[in-house]
């Protein structure tokens, strides 16, 4: 790596740390980020449900809650989004970590942590539930949802395609 690349990388790290540290001391900033994260997660879920249902002759997937508002977000409790179809379920739970932001469970600083659980009736009979972790992370100039697969240690941005793969395994 050239010296200019190393310097650019260090400058980005310093900028990211400065922005995260500013937000750490600003409780309103953290609260706003968390509400924004909750809304963004619901939007990703709604986009997934809408995309699947638009390709079907009769809507099959249900989203609960069907719409989202900042008032739905619970700062000190678990939040739940449900996507279901004919006995096949995905439950998305998320909550605030104990600190304003954390790196306890994921290397990138996050302000919300959660999990997606996917199952159908057959899986429940065998106590088999698929799950993957979710984190609303502070990265450089933005905040975004990322998934983390405990088994493979893979991670990436959370998009509708992620839910396509998880739900597809249930049918």
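Only the coordinates and a few stated rules stand behind these numbers; no lab work does. Given the structure is predicted, the values throughout are model-derived calculations rather than measurements. Heads up, the Cβs are rebuilt from the backbone with ideal geometry, glycines too, and the neighbour counts pull from every protein chain shown.
In table form, for the structure just shown:
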item	result
Acute angle (nearest 10 degrees) that the helix 3-25 long axis makes with the longest principal axis of the chain, alpha-carbon atoms	70
Options (1) 0.95; (2) 1.14; (3) 1.03 - which one matches Rg/Rh (Cα atoms, Kirkwood Rh) as calculated here	(3)
The chain: antiparallel DSSP beta bridges as a percent of all, rounded to 5	100
Degrees between helix 27-54 axis and first principal axis of the chain (Cα, 0 to 90, nearest 10)	40
Cβ crowding within 10 Å averaged over residues, with 88-100, 120-132 ranked highest first	88-100, 120-132
